[in-house]
Amino acid sequence: MTPEKNDHEHNHDSRFMVFGDRTELVFSLISGACLITGFLLAITSSAPAQVSLALYLSAYYFGGFFAILEVRQSLSHGKFKIDFLMLVAAAGAGILGEWAEGALLLFLFSFGHALESFAMGKARAAIAALAALAPKTALVKRNGEIVKLPIDVLVPGDTVIVKPNARIPADGIVAAGNSSVDQSSITGESMPVDKSPADDPNDIWQSAAKPKAENVVFAGTINGAGAMEIFATRAAEDSTLAKVAKMVAEAELQRSPTQRFTDKFEKIFVPSVLVLVVLSLLAGFVIDEPFSTTFYRAMAVMVAASPCALAIATPSAVLSGVARAARNGVLVKGGGPLEMLGALKAIAFDKTGTLTEGRPKLTNVVPAEGVFENELLNVAVAVERLSDHPLARAVVEGGEALNASGAVTAKDLRSLIGRGVTAEVSGQSVYIGKDDLFAEIGGPALPPSLRTRVDELEAGGRTTMIVRLGERYLGVVGVMDAPREDAARVIAELRSLGIEHMIMLSGDNQRVAASVAAGLGLDGAWGDLMPQDKVEAIIRLRTEQGEVAMIGDGVNDAPALANASVGVAMGAAGSDVALETADVALMADDLSRLPFAVGLSRAARRMIRQNLWFSLGVVAFLIPATMFGLGIGPAVAIHEGSTLVVVVNALRLLAYK
């Protein structure tokens with residue numbers, strides 16, 4: 001169901017928009033001109049009174065035109081809106097012969113509305129600019145020829161030519177050419193990202209694995225100095241840019257908890273104002289005054305009590321916050337996640353690929369007594385070269401970086417599931433694996449000195465692999481999925497923003513998880529978790545800590561993200577699962593965006609509260625003030641001024657650093 005628009009989201013019939021988007025502003029200025037001219041003629045007595053009256057009536061027409069359209073629409077749905085109160089008050093002023101005051105009311109009300117729409121339009125323009133980033137045409141190789149086609153007819157599998165310094169027209173995988181790409185419009189990354197061709201783009205596209213960042217490009221980003229050929233992986237309407245633009249636009253319509261509260265408040269408040277006005281009309285039975293005075297006061301009360309500023313307080317802040325986030329590569333799906341992220345005190349992080357690089361690296365090479373380091377490395381690399389396990393790749397890459405020679409060759413690799421591998425080198429059996437593997441296969445026991453080093457490495461968060469050639473222990477190698485360089489700094493920044501409890505959830509063993517968490521300054525780690533265990537962990541955390549955010553990569557963490565108060569997916573660009581599942585998506589694979597997202601949400605929440613208290617305060621002041629004699633003119637000026645103050649305050653979020 002599409003949420004209803006609030007009073008200040010105009011949806012005018014295009015037939016009446018004679019001056020385009022600025023019609024309401026032009027009408028209000030015409031109203032003001034008629035009002036001022038009529039007033040000047042009235043006080044100088046240089047023209048008949050009928051001329052001034054005609055000008056006041058013209059001011060009524062142009063000032064009330066769009067308010068009447070709004071009221072007609074809302075009454076057809078059985079609702080009394082703020083515009084209705086204003087029209088009744090203006091009509092009341094006219095009945096009393098106070099045409100100038102009624103015209104002033106409608107002029108200020110329409111002018112305030114128009115300025116507010118203009119200001120809100122600036123925030124909407126920031127969102128609309130996203131959708132306009134993709135080029136309208138693309139150079140495509142078809143049937144051996146290069147043809148220029150509208151991007152709407154691109155299909156996955158097309159080869160797209162991207163010239164230097166041109167905008168990329170489609171999501172895809174680099175098939176040929178090297179370049180650097182400015183991805184700031186999608187991921188918010190300030191520096192261009194180097195791109196290189198993938199070995200088999202079609203194979204990568206068909207596989208479920210996440211492609212490497214250097215192989216992937218997005219529609220709407222800007223190519224650098226090199227020409228490239230792109231294997232298109234998505235149609236234009238399914239591109240990451242199109243999805244982000246659509247989701248950001250939809251985010252504006254999602255009602256936040258505060259918005260839902262103000263909507264309920266308005267539904268009760270507007271009828272209550274009408275009751276108050278009727279009661280104030282009966283004041284003549286209690287105090288001795290002319291009915292015209294009583295009626296004028298009742299109209300002033302009606303103006304004073306209209307909660308315009310309250311109605312726009314939350315939507316303006318949400319819209320500005322969502323637009324600012326999108327400009328920095330953070331997709332926030334509406335006011336709910338924006339407010340919640342700004343309120344919570346606890347965060348759970350997935351470990352692999354979120355706090356860590358997601359790629360294990362060789363960190364330690366410890367030869368046994370009497371063994372040279374290069375002998376240990378040569379044997380370990382020769383055996384692990386036959387395996388496609390991520391830990392094996394880490395040993396091979398790390399060993400080759402440490403100049404392990406290719407002189408040693410291994411054969412007959414067998415995997416010993418969950419314990420290690422065995423192969424043959426120079427006619428002897430080689431075993432590489434955990435220490436409990438060697439208790440199973442028999443032979444000499446692990447030397448005490450090596451046992452001590454294994455314990456030390458594991459206490460430091462390393463995954464250890466002991467190497468034995470025949471009956472001789474060559475040593476141990478340590479592998480670790482290293483924390484991201486900025487992870488500890490990000491944790492410290494989040495603490496400074498008011499996040500009190502942060503823990504890590506990991507599938508690694510508890511000792512490794514605890515070691516990484518301690519090194520990063522987290523409050524703890526829960527290890528040995530399967531994906532379903534992470535869901536239970538989130539539910540338990542919500543019980544213990546209240547609302548909690550979950551930060552993950554959005555793919556294997558999807559169930560946990562969905563169960564958190566706010567699910568935050570990192571590196572979501574190009575991942576449909578992450579974009580659909582998460583409440584907040586950090587488009588770049590960059591943890592440092594998280595403090596920005598939390599800080600912006602905190603600022604948005606502050607703005608919403610400031611706006612609410614200010615708008616309620618103005619209404620609380622104006623109602624008694626009008627009851628004790630404040631006129632319609634000053635009441636309207638304060639009323640419309642407060643609405644503009646609220647909008648301008650919310651727009652400050654667009655400049656959030």
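Charges on Cβ only, +1 for Lys and Arg, -1 for Asp and Glu, centred on the Cα centroid of the chain; of THR422, THR293, VAL535, which one is farthest towards the dipole's positive end? Highest projection toward the positive end goes to THR293. Computed from Cα positions, the angle between helix 308-327 and the longest principal axis of the chain comes to roughly 30 degrees. Against the main long axis of the alpha-carbon atoms of the chain, helix 510-520 sits at an angle near 60°.
How high is the relative contact order of the chain? Use alpha-carbon pairs under 8 Å, at least six apart in sequence, and give a whole percent. With pairs under 8 Å counted, the relative contact order is 15 percent. Note on the chain: dipole from Cβ charges, positive end direction compared against GLY97, GLY336, PRO197; the farthest Cα belongs to GLY97. Here the chain was treated as a single set of alpha-carbon atoms; its pair distances binned every 10 Å from 0 give 3, 13, 18, 18, 16, 12, 8, 5, 4, 2, 1, 0 percent. Placing unit charges on the Cβ atoms only, positive for Lys and Arg and negative for Asp and Glu, gives the stretch 137-238 a dipole magnitude near 220 debye about its Cα centre.
Judged by the mean number of other Cβ atoms found within 10 Å, the most tightly packed of the peptides 100-112, 334-346 leads the ranking 100-112, 334-346.
Only lysine pairs 8 or more places apart, or on different chains, with alpha-carbon atoms under 25 angstrom apart are counted in the stretch 137-238, and they number 9. Within the shell of other residues whose beta carbon sits under 10 angstrom from the beta carbon of PHE438, the net charge comes to 0, with Lys and Arg scored +1 and Asp and Glu -1. Helix content alone sets the calculated 222 nm mean residue ellipticity of the chain: runs of n ≥ 4 DSSP H residues at -39500 (n - 2.57) each, divided across all residues, give -16500 deg cm²/dmol.
The charge dipole of the chain, taken about its Cα centre with unit charges on the Cβ atoms of Lys, Arg (+1), Asp and Glu (-1) only, comes to about 1240 debye. Dipole orientation for the chain: of the candidates ALA404, ALA54, LEU310, ALA54 has the Cα lying most toward the positive pole (charges on Cβ; Lys, Arg +1; Asp, Glu -1).
Dividing the convex hull volume of the alpha carbon atoms of the stretch 137-238 by its residue count gives 95 Å³ per residue. Placing one equal scatterer on every Cα of the stretch 18-78 and applying the Debye formula, the log10 ratio I(q)/I(0) at q = 0.14, 0.17, 0.21, 0.24 Å⁻¹ is -0.48, -0.63, -0.79, -0.89.
Read-outs: derived from the displayed coordinates by stated rules, not from any lab. Predicted model only: the values in this text are computed from it and were never measured. For neighbour counting, all protein chains shown are included, and Cβ atoms are generated from backbone atoms with ideal geometry for every residue, glycine included.
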